[in-house]
Every structure is written in structure tokens, then in C-alpha cells.
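**Student:** Sharing a structure, written as C-alpha cells. Questions coming.
What follows draws every value from the coordinates through simple rules; no lab data is involved. All values reported here derive from a predicted model rather than from experimental measurement. Counting neighbours? That spans all protein chains shown, and the Cβs are built from the backbone with ideal geometry, glycine included.
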Amino acid sequence: MSNHSVKALPYAYDSLTGISKQVNEWHHDKHYAGYVAKRNEIETKLAELKEKAGNANYSEFGELKRRETFNASGQILHEIYYDIMGGDGSADESLDVVKKIVEDFGSFDAWKEDFKLTALSALGWAILSFDPSDGKLHNFLVDMHNNGAVWGSSPLVPIDVFEHAYYFDYGPDRGSYVDAFINNLNWTKINELYKNATR
Amino acid sequence: MSYSLPPLPYAYDALEPWYDKETVTLHHDKHHAGYVNGLNAALEKLEAARESGDFAAAKALSKELAFHGSGHVLHTIFWENMKPEGGGKPMGEIAVQIDNDFGSVDAFKKQFLAATNSVEGSGWGILGWSDELGKLLVLQSEIHQNLAVQGIVPLLVCDVWEHAYYLKYQNKRPEWTAAFLDNLVSWENVNQRYLNARCK
Ligand SMILES: [Fe+2]
Ligand SMILES: [Fe+2]
């Protein structure tokens, strides 16, 4: 209980192109680590809570449960976000996930365009996800970390569009950040996630 | 009619060193301008819907209107709420009402900072007047429009979207909100808003 730990960045802080060392340091060490710490704190508080009152208008228990999904989702999405970067962005056509993207979106570029539009529209994340209910890939839009999740789907490529992810590097130019993110993707890694999701 | 971006009521570097020129410039010229454009676009689409009678997008357009409309309103108040060499103690009638509703200026400040610092994700800390409740309230607002008490008139608003402070304060939101309250707030403006808002 309450022992989620921060995963180290799987590459050097200065190794991404177009996402600065400074942003990675703040984003990973402060923001992401903050979600992990709060998740632990909330789980501990829930376990120790003396008066467990359920109330849809307000109760301490209810608010802790509400924050739990925010912080847990924050932890999970940031871990995948960092895991799938560190590559050179080249999406080899022989990879299963790339074949599937072409099948479901028409072409890789069509996926990219839709992904970017989703990222420009979100107040949280845009996520390429595999949804087992229809066996297809989708770009889902999520506000915050936890509003807009589709049950049972597996996140494969989540892009963080909180301003802390790009504002220091790009100011309000979110589009350039999305391009930089796509160019840093490690498609071999993403293919592994896809295989796990479809196994 | 369409809305236009109100000019910044002081020079872009007037709030230095607490609020840097670069952030103020981006914040006003890009972000605030974006909400003005978004508000105009939502109103145009609603007008088109009324003309054609096709209200299929009513839900999305209503949300767009609330988001951009609130974004424009709050940013307009936010800029007017600040001045060079601001901060200090509340003055005038609002000072009396703050003592009345919060016990002391100190207690108000603590509550305002605690609420603003703990806004989930992007949003605002707001001191507002409710004529119906006859009280000043400190509220959080998520995004721009969520978590309001209906009828509240915002008097003092602190933007805690990351675009408001990230270039200068990074993830240290409490340093930004403290600088806002201690060094930037124009209590004359807040007091005037309070006098305008209070009918009863
Ligand atoms: Fe993030
Ligand atoms: Fe703002």
C-alpha cells in the first residue's frame, strides 16, 4: 500500500531534440514525481481516515477518492510518455503498430494530422490508444489526466499538453511542441506496448 | 458586434520584476487574444445556428461560449487587478468587508493563497462578491468557468494556468501567487469593483 515509486527517466535529461533538459528536469522531477507522491499520500490518508462518510455533495472520503484518480492517472500517463520517447521518430512500416495505424487511419500522415488536432484541442492529453471493444486504434482526448478515459483501452502514445510540458520551450506555440514530441518517438517501444495490448 | 482585445492598461514591462515582460506579452497578446477570438467565433456560430435553425451543435457551442467568454472576462479583470508597485493592505470599503467576512486581512490572504495554490490543473483563484449571499467568497475556478457559485461577481482574480507564471516561476506556483498578492494587486481596483458589484 502507498509505495508507488518514481521511475527514473529512461535516458539522459538532455537527450531529447526540441524538448529541453530544463523542461525534462522540472517535468520529470517535480511534476511527475509530484503525482506519485500525492498518490501515495492519498492512499495512506484513505487507509487512516477515521470517519468514512460517503456523500455525493462533499465528504473527505469522496474528495480523496476523486483526487486519487487524478494523481494515479497522472502517474501512469507520465510513465508511458517518457517511456515512448528517446527514439528518432522513424516509424518503420514493418512494425505491427505502424501497419495498424495505416489500416485504421488510412495513412501514417492521416494519423499524425488527427493526433495533432487532438493534441491542440485537449486540456490534458491526446492519446493514441488501442480499444479492444472494436479492435481499433483511436486518438482519444483527455482533459486533466482522468477526464475522458475510455474504459479498457490501452494508452500507447500519450502526449502531455499541460503547459508545463512545453511552455518554457515554446511559449504558446503548442503545435511546434507536438511536432518535436512526434520526432522523438521510439516506435520499437510503442510496438511493444501495442503487442502487449493486443495479446 | 464582436469583441476586441482591450489594450494592456500599462506598459508590458511595468510589472517587473514580479511579472516579467516576456510572460506579460505572451499572456496578453497570445492567450488573452485567443479567448477574445474564441468568444467571437462561438457567438458567430450561434448566430449562424439561429439563422439556419440547426442547433445540432448547441451543447458544444454552449460550452465554447462559457469557456472563451469566461476566459475573456477573467483576463480583463486580471490585468486591471494589477498595477506597478501594487500589493500592500486592502483599502476602502472592501477592507471593512474582508474583516467582516474573513475575520482579518491575514486570514483572507491565507485562505486566498491556499485555495489558489491548490487549484487542480489549470484555473484561477477568485475573490468574489455574492449579492444574494451578502458575502465575499474565496473560490477556485477550474479551467475558466467551473466551480463557480452562481451569481458571483469576481473582484480579484489570480491566473494559475501555467502560461501565467511558468516562464518566470516554473513549477513554483506559490511563489507566483505570493508575488501577485504582495507586490502586484491594485486594491483601489478591487475596491472599486466591490462598490460597483454591491447593490444590496
Ligand atoms: Fe505533465
Ligand atoms: Fe491566462
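**Student:** Could you give me D for chain B, from Stokes-Einstein at 20 °C and 1.002 mPa s, where the hydrodynamic radius is the Kirkwood radius over C-alpha pairs? Units µm² s⁻¹, please.
**Tutor:** Numbers: Rh = 17.6 Å.
Result for D is 122 µm²/s.
**Student:** Please pull out the direction-averaged projected area of region A:96-198, using the convex hull of its alpha-carbon atoms, in nm² to one decimal place.
**Tutor:** So the Cα hull casts an average projection of 6.1 nm².
**Student:** Sticking with this structure for a sec: Run the reach check for A:Lys189 against lysines, Cα to Cα strictly under 20 Å, same-chain hits fewer than 8 apart removed. What comes back?
**Tutor:** Partners within reach: A:Lys7, A:Lys99, A:Lys100, A:Lys112, A:Lys136.
**Student:** Next up: How many nm is it between the label spots at B:Met1 and A:Asp134, if each spot is 7 Å from the Cα in line with the beta carbon?
**Tutor:** So the label points at B:Met1 and A:Asp134 sit 4.5 nm apart.
**Student:** Could you work out the equivalent-ellipsoid semi-axes for region B:124-196, taking the square root of 5 times each eigenvalue of the Cα gyration tensor, largest first, in whole Å?
**Tutor:** Rounded to whole Å, the semi-axes are 24, 15, 8.
**Student:** Please work out the FRET efficiency for the pair B:Glu93 and A:Thr44, using the Cβ-Cβ distance as r and a Förster radius of 45 Å; give the result to the nearest 0.05.
**Tutor:** After rounding to 0.05, the efficiency reads 0.50.
**Student:** Follow-up question, since we're still on this one. Dividing the alpha-carbon radius of gyration of region B:21-80 by 2.2 N^0.38 Å (N being the number of residues), what value is obtained? The partial results should precede the final answer.
**Tutor:** Working: Rg = 13.7 Å, N = 60, 2.2 N^0.38 = 10.4 Å.
Normalised Cα radius of gyration, region B:21-80: 1.32.
**Student:** Compute the FRET efficiency between B:Ala114 and A:Ser15 as 1/(1 + (r/R0)^6), taking r as their Cβ-Cβ distance and R0 = 22 Å, and round to the nearest 0.05. Present the calculation step by step, with values, prior to reporting the outcome.
**Tutor:** Values: r = 39 Å, r/R0 = 1.75.
Approximately 0.05, to the nearest 0.05.
**Student:** Kindly provide the GluC sites (Glu not before Pro) of region B:37-95 that DSSP labels as loop, not H, G, I, E or B, and whose Cβ sees at most 13 other Cβ atoms within 10 Å.
**Tutor:** B:Glu85
**Student:** Just to check I understand the Karplus step: with θ = phi - 60° and J = 6.51 cos²θ - 1.76 cosθ + 1.60, what whole-Hz values come out for region B:71-78, glycine and proline as x?
**Tutor:** These are the phi-based 3J(HN,Hα) values: x, 5, 4, 5, 5, 4, 5, 3 Hz.
**Student:** Once the other residues with Cβ under 11 Å from the Cβ of B:Pro84 are scored (Lys, Arg +1; Asp, Glu -1), what is the net sum?
**Tutor:** The answer is -2.
**Student:** Residue separation times 0.36 nm, minus the C-alpha to C-alpha distance between A:Ser121 and A:Glu93: what's the value?
**Tutor:** Gain on extension, A:Ser121 to A:Glu93, equals 7.3 nm.
**Student:** To the nearest 10 degrees, how steep is helix B:105-117 against the longest Cα principal axis of chain B, on a 0 to 90 scale?
**Tutor:** Tilt of helix B:105-117: around 40 degrees.
**Student:** Volume per residue, Å³, of the convex hull around the alpha-carbon atoms of the protein assembly as shown?
**Tutor:** Numbers: hull volume 69.8 nm³, N = 399.
Spread over its residues, the Cα hull of the protein assembly as shown gives 175 Å³ apiece.
**Student:** Let me test this: with uniform point scatterers at the alpha carbons of chain A, what is the Debye-based log₁₀ I(q)/I(0) at q = 0.13, 0.16 1/Å?
**Tutor:** So the normalised log intensities work out to -0.73, -1.06.
**Student:** Based on the Cβ-Cβ distance from B:Lys45 to A:Ser107, what FRET efficiency comes out when R0 is 30 Å, to the nearest 0.05?
**Tutor:** 0.50
**Student:** Per DSSP H run of n ≥ 4, the term is -39500 (n - 2.57); total these for chain B, divide by its residue number, and report the mean residue ellipticity at 222 nm rounded to 500 deg cm²/dmol.
**Tutor:** It comes out at -14500 deg cm²/dmol, rounded to the nearest 500.
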